[in-house]
Each structure stands twice: as structure tokens, then as C-alpha cells.
Amino acid sequence: MSFVELWHLIIGNPILNVLIVLSHVLFGQFGLAIIALTIIVRLVSWPLTRRQLKSSKAMQDMQPKLQELQKKYGKNKPKLQQEMMKLYKEAGVNPLGCLWPMLIQFPIWIALYQAIMSALATTPENLLNLAHRLYPWDIVNQAIPLSSHFLGLDLGQTALQAGALGLLLAIIVGGTMWIQQKMTTAPSVDPRQESTQRMTTLMMPLMFGFFTLMFPSGLALYWAVSNIIGIITQYFVTGGWGYLKFRSPFSQH
Amino acid sequence: MKNTKIIVLVVISLFTLLLVSCAPGSAQSAGGWSGVTVHNNIIYVGSRDGRVVAINASTENLEWSYSLASATALTGGLSCSPTAVSAAIYTTPMVDGDLIYIGTYDGRVFALNTSARGKNLNFPRKTYGEWVVFVGTGAGNDAIVADMAMKGDFIFVSCSDGRVYSLEKTFGDLIWRSEVLDEKHKKLWTSPVIHGDTLYVSTFDAHIYALSAETGEPEWSFKSEAGFASSPVIYGDTIFVGSFDRHLYAVKIGSDVLEWRFPEKPAGNWFWASPVVDEGIVYTGCLDGKLYAIEADTGKEIWSYQTEDQNGRPSPIVSSPVLMDNLLIVVNESGTVYVFDLAGELANEGVPWWTASIGASVRSPFCAQEGLVYIRGEDNQLYIVDIDNRQMSQPIPLTAES
């Protein structure tokens, strides 16, 4: 069995079939199915998300101490790094702690993405290929093919093809991603790093806004919903807007 | 440290996007699976790179080829996702005198003159009767996926805006367009079938419609529980059509009651290919790889035959079976050709009289004439199988360089 077949068997096909069942249950609305499945995946991956958020919160709480270290050892980089690592160790925080849970979740996101693309079956080839990935459940086969229309959007078309609505979707995706990033990204204690970081925080939402225009709207809907859920959970778990309203000390100079 | 983390995240995000959009199992671009037609010893077929190719059937030499690609062809852009080659051809060329009618994935219907194309004149050569028209919105988004139909002076086209269009075949003028027959999916990927003065169309949203060929007005409709995957076929006063719910349906024209559906318990997959009917027997291929022979009156199975690939695994039947005299020809997706002799000793036992493999995947409609079977492979080559002599000629490449 090839890797692709194994991938579909274990992750891809279950998600695809659940997506189709959801679409059937939710009045044949594929858009609602995407929203529901995004919520379900978020719930299932909640333990990982919580760990990621806690790690992020711990980093946030350490900021005053990190800034003190910056003031103290700002000119001695190796010493600063050494002291920072010591501080992380004492606090029991892994600076990459909020990265690993995200990495573990990537296969799920990939499968979800593929499921959306497969279920939409925008080309005849895709529709035919879909036949071999469905479970022999009546509810699945009766739901096929899915309607790709949702809130005036054709979820199979790129946002660019969708005109004004597509542009709005791109702004929502970019905007929500920026808010989420701002909430979670701890400001750097190094002015140069801070500048790069600010640039990256801006680049990611711009990139995803651009991708929204290039990829089918169904995927953009998933990104938007996923970001909004991310913002909400972040708000309640870390108790507020995180670094969203935080002004970097370097930006004042 | 944080910087590294962010850069890693950006790189992972980009890599993931590329991976998921291009990986097998993700969306596949529209490449087309045009069928083959043979007329006056010339083979006409659409290639995978969007050209109509004419080949001399005797010499197997290229007569002419013409690219239907538009100047505004869409590409996949950043994503490898389902943006189509605009000139992808799914329709089978339809020949009428010197004109070849063909539809494209970007919603254009072409009338090509064989002489003008043979001389490589600029298109459209109106003095030769050539034209091209958009159906649908005209924006190029309303794909033509199903074979077109012709009756008298008119061509009938199913379009991805969910409507059927009637075009006058001399100039391509629009005669009528039907109401949207599939509001839910807004696409029609099945062919209209002409029976008397009426067109019959099956839809993804589980309807069969009868439309007046003259006006496009609906005359009758039938509603099922699941969407129809295949184009309808009419035999006597009964419509046979395959469904996504893994059944084949039989419906009497004008009735709102299902005549029968086959099999009792769902088959292994969808009935994607249109069936053929002969002497009261329906022959239908299924995506589970089985060929079924069913009594047309009762829906009772007479026999079934499991087709396979070269490794002995079931291979889906995507292309409709074809009848040639008393022979039933079936080609499965793995490219295995099965010939059943319907008048022979094994006619009622479902045992093939001869099998051969072309060695290429097949999804296109194929045609059979005078002992020869013409098949377009997914490898963009044309295969000719000589059934009488049980031989196969060298494949003919359909690539632009050939």
C-alpha cells in the first residue's frame, strides 16, 4: 500500500465522508458542513490547542522578565541568550512549546483541506475520483454530488472569480489571521528581531489573503472560520486580547 | 529564537499549501476525455491538449489538427487546484457533412469545416460554414462536459449553468435555452437524448426532464431520491439511467412511478456510464468494475461479469459499452477490452469471447465500426483494436508534435 493510499485510508477518507454526511444533514449546505467540521476538528484537537495556548500565555507572562534581561545584557548577545534560556528553563517553558502542537495538527489540516477540495469535485475528473473514496453508506451516496453554492459564493471557484464577495472573504481571512497572530506573537526583546517579527506578522495575513484569491472559496471559508474560532479560544483561554493591544517599546523610538 | 519559530511557521505554511494543493488525491485539473468518432474513413477526436485531431483511418496519418485553446486560457496559478485548461474537451466530435461540431470546457461550441481545417485557414472561415459561439453566461465559466445531440437543423448542448441550449447548426444562432434544470448544483454534465420531438435530460439533483425539442419547454419530469450520474438511454418507452446511489433506474416515459431499480441492494459503486440496450437486455457498466446484463422489462439480473486490471483487481467501467453487430464491447478504466458475443454459445453466460489490453487508462467514450474499435487513452494516444483479426495496431500519438 502506497503512502497516499494509507493516508486516505487513515485520515483523508474518514474526514471526507464525515464532511459529506454533515453536508447532507445540514440541509445540503456544503458551506455549513465546512463550518461544522472545522468546529469538530477544533474540538477534537482541543487538548493540543490548550497546550499551545498555555505555552503562549506563559511566554506572555515572562515578557517583563525578558525585557529586564534585554536591558541588562542588551549589548552582550551570547550572555543574553544564555540568560533567556535559563529563564525559560526555570519557568518550565519551552519557547518552541507552542509550535509542536501546531505541527502535530498539520496532518489534520491537510486532510481537511483535501477533503474540501475532493468533496467539491469541481472538475469531471475530481467527481469521478471521488467515487473511489466514499464509504458505501446510503447517506453519503445520496448526498453526492454536493452543491458548492453558499451565501452567494461558489465554493469551488476562486475568490478572485467571485468578485466583490470573494474580495470581502480575502479581507476577512487576512484580517482574522492578523488578529490571531497579533494575539499570540510575543514581542521580541531585540529591536532587530522585533522589526522582522512585525514584518512577518503582516506578511502571513497578506499571503493568506492572496491565497484566498487564488484558491477555491471553500478553503477560504475554512481558513476564516478556523481563524475566528482561534481568536475566540485564545481570548477565553489566555483571558483577553493577548498582545493585540501591546505596543512594542521599540516602536516608540 | 522567536524569529526562527516564525520563519519555521511561514515555511511550513507555504510548504503545506504547496503539498496539499499538488499532492495526489487533491483536486485534479480538467484535462478532458473526448470521445472518438469515425466518419468517411476519418477519425475525429479531441486531444488532451485541447485540439481536434483528424486522422486517416486507413493510413493512420494525421489529416489535420486544430487547437481550440483560447487566448484567455486559465491556468492553475499558484495552486495546482482545479482551475481548468480552458480548452479541455470532454465532448465527442459530432460530424454532419463537412462540419465537425464540438464543445469545450470553457463553454464554446465550434463548427469546424474539414476542408478549411485541412488547408489550415484562419478560423472561423464563414464561407466554409464555420462558427464559434459561447453558451451560458459567455464568461467562459459554463463548461460543456457532456456530448451534444443533433436533430434536423439544431444542436442541443448541456451546459454547466444548468440549462440546455438549442443552437441552429448553420450559423450557431441561439434558438432557445431551457430554464435552469438543476438549481442546486447549477451544472448539467449529462447529455440530452432525443426521442421523437422531445429531449430527455437527467440531472445531478435527481430529476429526469422531458423538454420540447422545438421550444425547450418542460413537458414532463421524474424525481428520484439520488442524483443521476449517467446520461439517459431510451429503449421503447422506457428510460434507463445510472445513479450515484449505486442503482440503475428504469422509468416509463410520462410516468412518475419508478418502473424498477437494479440491483435490489446497492452495487459496489456508482453507475456512471450510460447503459446500452439490445433485444430487451440492458448492458450496464458500474464503477465497481462489473458489467451487468439485466432484463429490460423486469430489472432482473441475467448475468454479471467482473472486469479487472492487469493485476487482477476490479477496474471501474467509466466508458459506456458499445454494440457492434452482435458484439458487445466493454473497455474498463485500466484499458482492458472485453468482447462479448451476444449471438454466440456463451451469450447467456456472461463470458467474454475475447479480451485484450491496450495498456493505457481509458475514461473516454470509444466507438466501434466495421470490426475496429477506436479508443482514446488517457495517455493522449489513439488505440485501434482489430476485433476480427484479434490484433492491435501501434498507438497513434495525439500530441501536438505528432
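None of the figures in this text is laboratory data; all of them are computed from the coordinates on show. Keep in mind that this is a model prediction, so the values were computed, not measured. Every residue, glycine as well, gets a Cβ built from its backbone with ideal geometry; the counts of neighbours run over all protein chains shown.
Put the Cα centre of the range B:271-335 next to the Cα centre of the range A:166-187 and the gap is 53 Å. What shape does the range B:258-344 take by its C-alpha gyration tensor, where a ≥ b ≥ c are the square roots of the eigenvalues and a/c under 1.5 counts as rounded, a/b above b/c as prolate, and the rest as oblate? It comes out oblate by the Cα gyration axes. Indicate the gyration tensor shape class of the range A:198-237 (rounded, prolate or oblate), computed on the Cα atoms with a ≥ b ≥ c the square roots of the eigenvalues: a/c under 1.5 is rounded; otherwise a/b larger than b/c is prolate and the rest oblate. Taking the square roots of the gyration eigenvalues as a ≥ b ≥ c, the range A:198-237 is oblate. Note on the protein assembly as shown: antiparallel DSSP beta bridges, both residues inside, total approximately 100 percent of the bridges counted. For helix A:13-25, report the angle its Cα long axis makes with the longest principal axis of the Cα atoms of chain A; keep it between 0 and 90° and round to the nearest 10°. Approximately 70 degrees, to the nearest 10. A 23 angstrom limit on the alpha carbon distance is what I want to check against. Which of B:Lys184/B:Lys265; B:Lys187/B:Lys252; A:Lys54/A:Lys79; A:Lys54/A:Lys89; B:Lys187/B:Lys300 exceed it? Distance filter (> 23 Å) returns B:Lys184/B:Lys265; B:Lys187/B:Lys252; A:Lys54/A:Lys79; B:Lys187/B:Lys300. Measuring spread by the Cα atoms of the range B:296-402 yields a radius of gyration and Dmax of 14.3, 52 Å. Compare A:Pro124, A:Pro145, A:Pro107 in a GNM of chain A, Cα atoms joined below 10 Å, and give the one with the largest fluctuation. Residue with maximal mean-square fluctuation among A:Pro124, A:Pro145, A:Pro107: A:Pro124. Among the residues of B:197-208, the average count of other protein chain beta-carbon atoms within 10 Å of the residue beta-carbon is 1.
Each Cα pair under 8 Å and six or more residues apart adds its sequence gap; the mean of these over the residue count of the range B:147-223 is a relative contact order of 22 percent. Relative to the longest principal axis of chain A, what angle (0 to 90°, nearest 10) does the C-alpha long axis of helix A:63-73 take? The two axes meet at around 50 degrees.
Using alpha carbons only, the radius of gyration of the range B:147-223 set against its Kirkwood radius gives Rg/Rh = 0.94. A Cβ-based charge dipole, computed about the Cα centre of the range A:3-252 with Lys and Arg at +1 and Asp and Glu at -1, lands at about 1420 debye. Centre-to-centre separation between the Cα atoms of the range A:20-91 and those of the range B:190-263: 55 Å.
What residue among A:Ile139, A:Ile116, A:Ile34 shows peak mean-square fluctuation when chain A is described by a Gaussian network model with Cα springs under 10 Å? The residue that fluctuates most here is A:Ile139. Inter-chain Cβ neighbour count for B:381-388, averaged per residue, equals 0 (cutoff 10 Å, partner chain atoms only).
Mean partner shielding of peptide A:124-137, defined as the number of other chain Cβ atoms within 10 Å of each residue Cβ, is 6.
Partner lysines whose Cα lies under 21 Å from the Cα of B:Lys186, excluding those fewer than 8 positions away in the same chain, are identified as B:Lys223.
For A:Lys65, the aspartates and glutamates whose Cα falls under 20 Å of its own Cα, not counting residues fewer than eight places away in the same chain, are A:Glu83, A:Glu90, A:Asp190, A:Glu194.
From most to least packed by mean Cβ count within 10 Å, the peptides B:57-65, B:170-178 give B:170-178, B:57-65.
Shown here is the pair-distance distribution of the range B:323-370: with all Cα-Cα distances grouped in 10 Å bins from zero up to the longest one, the shares run 28, 51, 21, 0 percent. For the peptides B:192-198, B:123-129, B:283-289, B:39-45, residues were scored by their other Cβ atoms within 10 Å and the scores averaged per peptide; the highest-first order is B:283-289, B:39-45, B:192-198, B:123-129. Across the range A:45-174, the relative contact order, built from alpha-carbon pairs under 8 Å that are at least six residues apart, equals 19 percent.
Counting only aspartates and glutamates at least 8 places from B:Lys119 when in the same chain, those with an alpha carbon closer than 16 Å to its own are B:Glu63, B:Asp98, B:Glu130. Remark: the range A:3-252 projects, on average over all directions, an area of 15.6 nm² (convex hull of Cα atoms). Shape summary: chain B maps onto an equivalent ellipsoid whose semi-axes, from the alpha-carbon gyration tensor, are 31, 27, 26 Å in decreasing order.
Computed over the alpha-carbon pairs of the protein assembly as shown, the distance histogram in 20 Å steps reads 18, 45, 25, 11, 2 percent, short to long.
Comparing A:Phe208, A:Phe30, A:Phe236 in a Gaussian network model of chain A where C-alpha atoms under 10 Å apart are linked, the largest mean-square fluctuation is found at A:Phe236.
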